[in-house]
Every structure is written in structure tokens, then in C-alpha cells.
Amino acid sequence: MKKIIYVIVLLIGLITSACDQSTSKKNNYDSKTEAKKAEVKNIIYTKYNIPLPVELFKYMVREDVPFNIDFLNDVSNLPKYTTETKQALALGLYSAEVAYCSLYGKQQEVLEYFNCASSLASKLNIEAGFSYKNMERIENNINSADSISAIATECYWNACDFLDMNGKNNILPFVVYSGWVESQYLTIVSNNLPSTRQKIMDQKEGLHNLINYLYEVMIESTAFYYSYDIRLLILKLNNLKDVYDKVNKSGVNIDSEIYKDIIGKITAMRNEIVNQ
């Protein structure tokens, strides 16, 4: 399923680009070279048209919404994700947080959360995108947010490519789901701007597309266990969709109680991922 690669790239892309596979020699890193190396054509629309979570983070930066590390999944939680499904969900969570930290220019946090993603990737046997060499590249470009984003995007692309080539749809859907949930969560808990309400309501179409994506993966899955787990994700998303459907199609009439219900459901979904 080649299209799955593009779906996951949309979720965890810290910028909307893949990158050249070549790397600089050790201790010979140049920020502009790294960023340029990672720039190829943008991948914005796919068959599923799932929105980029990073766009919500860009919105928050534009609106001067303060960065708050307390909203992130603590790195100390990493050891408790012991099963494959839990690790895939946690990978989506931490990958969204790498994007969040990167756009706010929080270099140390980028390293910490990237390290979490790297550890999970190793446990899931997809360390091809999260090698020590790539960590070293991030460390040597720590003062360039663009380069960090570009390098991290390359790492995720390599991991997704590996997953696709090996037909591991038992991992991708969970990463997609948790990354989407985390981007919604970080947006709603960070502020209560009127424009944020509209931003969240604008996610309705993306929510529908995410549900459709998960349905297709579930139908194509040959493993009942993973099909059952994906069905649970769809159930949670459909419960959220039911709340969105209460708002008229224009998306203008945003009732405070409806918005509060959306916040409650997204927060509950996110807490389930964190606490598992």
C-alpha cells in the first residue's frame, strides 16, 4: 500500500518534504546544506487528504501561543510502552511532539523527544530511520530549526518506507491515529482563542478522512488482532465525529457546550494513549 507512506508522512512531517538520502561526513555539517538536502517536492494532498498536524503548531506559533512542556507526554513514560501496539501509539505521540518542539525552536526538547522516538523505532525494528548517525546530525545542527525539521522528516520517511516495504500495517495506523490526536490535544489545551475554536472545527473533514483511512486498513488487514484494535480506534473517532456533526455545516455556529464536549473527548483519547 504505497499510499500509506504518504499518509504517515502527512502525520509526522515536521516540514512537508522528504529528503535526499545522502549524509554529510562526520563533523562536517552545514545547516543550509542539510535543509536544502531535505527539500524536494511537497506532499500535501493524498487520496485520504489527512491534514498536516504541523499546520496546527504553525498556527499556534503565529498566534504567539506560549510553548508549554507540561502539556507533552513525559519522556519518563517511555518504559511503560511494552507491547507493539502501545509502542506504535507512543511513537505517533512523540513524533508529533518533536514537531511541536521543533517549530518553537526548543533544541534540547527536540533531542529528548527524538531520542524517545528512536528508542521506540528500535523496539519496533524500524531503526533504519532513527540511527545514531541521524541523531548525530541533529546534534550538529542544533542551532538550525529548519535543519532539525528536515533531518527529522528524513528519519520518519525512512522508517515509513521500511514499514511499507515490509507490509507492516499493524504499526502505521496506530502511529497515524495517535499523532493526529496529539496535535489536536496540544492545540486545545494551550489556549482558548476564538480563532482556535475555528481551527479545531476545521479539523472535521480531516477527521472523516482519517476514519476512512483506518477503515480501509482494517479491511485489508489479515490479522484479526490488529483489525480489532483498529476497530476500537475507529469507534473512538466516530464518537468524536458525532459531536462535530452537531455543528451546522458552515462551521460558524460553534456552541460552547459542543466545543467543550470536543475538548473532553480529545483529552480522553489522548490520556488513553499516554496511560495505556
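Observations, loosely collected:
- Members of region 100-109 that are more than 17 Å from the chain's Cα centre (by Cα) and surrounded by 15 or more Cβ atoms within 10 Å (Cβ to Cβ): K106, Q107
- If the condition is being buried (at least 16 other Cβ atoms within 10 Å of the Cβ) and either in a loop (DSSP other than H, G, I, E, B) or without any contact (Cβ under 8 Å) to a residue 60 or more places away in the chain (or both), then region 56-99 contributes V65, F67, L72, N73, L78, Y81, Q87, Y94.
Read-outs: derived from the displayed coordinates by stated rules, not from any lab. Everything numeric here is computed off the predicted structure, so don't read it as measured data. Cβ sites come from the backbone with ideal geometry, for glycine too, and all protein chains shown count toward neighbours.
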